[in-house]
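Here's the structure, in C-alpha cells; my notes come after.
The values are calculated or read from the model by the stated rules, or taken from the named source; none is laboratory data. Quick caveat: nothing in here was measured; it's all calculated off a predicted structure. In this analysis, Cβ positions are derived from the backbone assuming ideal geometry, glycine residues included, and neighbour counts consider all displayed protein chains.
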Ligand SMILES: [Zn+2]
C-alpha cells in the first residue's frame, strides 16, 4: 500500500471549503462597473463571466477562490453630487449583476440564503450600502434601501456626515448624533447589519453603546499592528466580545503594513476622496520622490487575524477583502482566487478546522443570524420605525 501523503495546507483549505462557506465582506465591483469607460454602469457591457486580464474580480476567479458569498458595496464617495440618486444607481448595478448573471449569483436577502446558494452551486450575492451620505440626512431612504435588498450599511465613508464622524475626516460630533443613533436603531429593527468600517473611534463606541444587535467591521484591521485611522483600536476590540460582533480583516496594503502606511500617508492626507481620482498615476508620481512603494504580504495580514482573534476570539473574525476598492493588493492575495491561500496560512500557523471554518464564513453566518433574530424581536414587540431628518432629530 502506498504511504499516505500528508495533505498540504492548501489542499486542506480547499477541502474545508467544500462544506464551509467562504464569505467575503467587501468588494467594490459595482463602482468599477459604474466608472468603466466602456460599461458606464451597464452590467451587460462589463465582461464578468469570462476570465479577465485586468482587475481582481470576475466570475471564473470567484469560483476558483471557492467564494460562496460576496458582499457587494453600493459605494458612493462622501463628496459626490446627488448622493441619493448615486446610491440608488449603485444598488441598481448590484441588482443588474444578480439578474444578468442569475446562473452564477443567487440574491441573498437572509443568512440562510448563503447555504442555499452553496448547495445550488451558486455564489450568494449580498447587497450592502457603503456610506450613509445617500440618506441625505433622512431616515426614509434607509427603509427603501432595505426594500430594494440592502442588508448591510457602512455608516459613512471617508467624509464626516451631518450625523456620524468618519475615521479619515474631522470628528465634528464626538461619534454619533441623535439622528445617528436613530439610524443604528432602525438598522437593528430592520435586521440589517450595522457596519463600523470607516467610522471614527468615537462613533465605534457610540454604535456599540446604541446597537442592541451584534455589529460588524466589514473591512478593517488592527490599529495596534498598523496605526492607520481606518483600523480598529484595542479599546474598541475589547468591547467586541460582549457585543458578539465580527471584525473582518481587509487586504488594503496600507491598513496591513506600517511601512506601506508611512509611505502612502502623504498621498492619503489630501481632502477625502480626491485620492480616488487617478490612484495608480498618483502612486507612480509618489515613487519619484519617496522611492519604490513597499509591499504588504499575506503573512502580515495573517498577523492581524491572529492579533484580532487574540483580542475578540477566533469566533469573531472574518474576511473583507476590499478587492477593487484600492489600486494595489498584498503579495499573495492579488485577486479573488486567492482566499484559500489565506486559510492555508492559518492552518500552517496551527489553527484548527473549527477556527478556520469560522474565519472563512461560519462566524459571519452566526452573527448575521443573530442580527436577523434581533430585528424579528424588535418588530414583534412593536418597535416603531424611526422617522425624521437631521434637522428634526438633532435640532440643526
Ligand atoms: Zn471602504
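For the stretch 313-334, what are the residues that are out of contact with any strand residue (DSSP E or B) (no Cβ under 7 Å at 6 or more places or on another chain) and away from the ligand (no atom under 16 Å from the Cβ)?
Result: 313, 314, 315, 333, 334.
Is at least one residue of the stretch 376-384 touching a residue at least 12 places away in the same chain (Cβ under 8 Å), part of a helix (DSSP H, G or I) and touching a helix residue (DSSP H, G or I) at 6+ places or on another chain (Cβ under 9 Å)? Break it down into steps so the answer makes sense when it comes.
Just the residues of the stretch 376-384 that are touching a residue at least 12 places away in the same chain (Cβ under 8 Å), to begin with: 376, 378-379, 383.
Remaining after also requiring part of a helix (DSSP H, G or I): 376, 378-379.
Next cut, touching a helix residue (DSSP H, G or I) at 6+ places or on another chain (Cβ under 9 Å) only: 378-379.
Yes: the stretch 376-384 contains one or more residues that are touching a residue at least 12 places away in the same chain (Cβ under 8 Å), part of a helix (DSSP H, G or I) and touching a helix residue (DSSP H, G or I) at 6+ places or on another chain (Cβ under 9 Å).
Which members of the stretch 163-174 meet the condition of being in contact (Cβ under 8 Å) with a residue 24 or more places away in the chain and either over 24 Å from residue 384 (Cβ atoms) or out of contact with any strand residue (DSSP E or B) (no Cβ under 8 Å at 6 or more places or on another chain) (or both)? Break it down stepwise before answering.
Taking the stretch 163-174 as the starting set, the residues that turn out to be in contact (Cβ under 8 Å) with a residue 24 or more places away in the chain are 163-169, 171, 173-174.
The answer is 165, 166, 167, 168, 169, 171, 173, 174.
Could you figure out which of (1) at pLDDT 95 or above; (2) out of contact with any helix residue (DSSP H, G or I) (no Cβ under 6 Å at 6 or more places or on another chain) isn't true of residue 194?
Failed condition: (2).
Identify, please: which residue in the stretch 224-242 is part of a loop (DSSP other than H, G, I, E, B) and under 17 Å from the mean Cα position of the chain (by Cα) and is, among those, surrounded by the most Cβ atoms within 10 Å (Cβ to Cβ)?
Taking the stretch 224-242 first, the residues part of a loop (DSSP other than H, G, I, E, B) are 224-231, 233, 238-239.
Within this subset, residues satisfying the condition of being under 17 Å from the mean Cα position of the chain (by Cα) are 228-231.
Working: 228: 24, 229: 16, 230: 23, 231: 28.
In this case the residue turns out to be 231.
Quick check on this structure: which one of 172, 181, 119, 151 is crowded, with 22+ Cβ neighbours inside 10 Å and either at pLDDT 95 or above or closer than 21 Å to residue 360 by Cα (or both)? Give the steps one after another, and end with the answer.
Working: 172 fails: crowded, with 22+ Cβ neighbours inside 10 Å; 181 fails: crowded, with 22+ Cβ neighbours inside 10 Å; 119 fails: crowded, with 22+ Cβ neighbours inside 10 Å.
Of the residues listed, the single one that is crowded, with 22+ Cβ neighbours inside 10 Å and either at pLDDT 95 or above or closer than 21 Å to residue 360 by Cα (or both) is 151.
Which one of the conditions (1) in contact (Cβ under 8 Å) with a residue 40 or more places away in the chain; (2) within 16 Å of the ligand (Cβ to nearest atom); (3) surrounded by fewer than 18 Cβ atoms within 10 Å (Cβ to Cβ); (4) closer than 17 Å to residue 324 by Cβ does residue 79 fail to meet, given that it meets all the rest?
In the conditions (1) in contact (Cβ under 8 Å) with a residue 40 or more places away in the chain; (2) within 16 Å of the ligand (Cβ to nearest atom); (3) surrounded by fewer than 18 Cβ atoms within 10 Å (Cβ to Cβ); (4) closer than 17 Å to residue 324 by Cβ, residue 79 misses (4) alone.
In the stretch 86-107, how many are assigned to a helix (DSSP H, G or I) and closer than 11 Å to residue 149 by Cβ? Spell out the reasoning first.
Start the filter on the stretch 86-107 by keeping residues that are assigned to a helix (DSSP H, G or I), which leaves 86-100.
From what is left, the residues that are closer than 11 Å to residue 149 by Cβ are 91-92, 94-95, 98.
Residues flagged as assigned to a helix (DSSP H, G or I) and closer than 11 Å to residue 149 by Cβ within the stretch 86-107 amount to 5.
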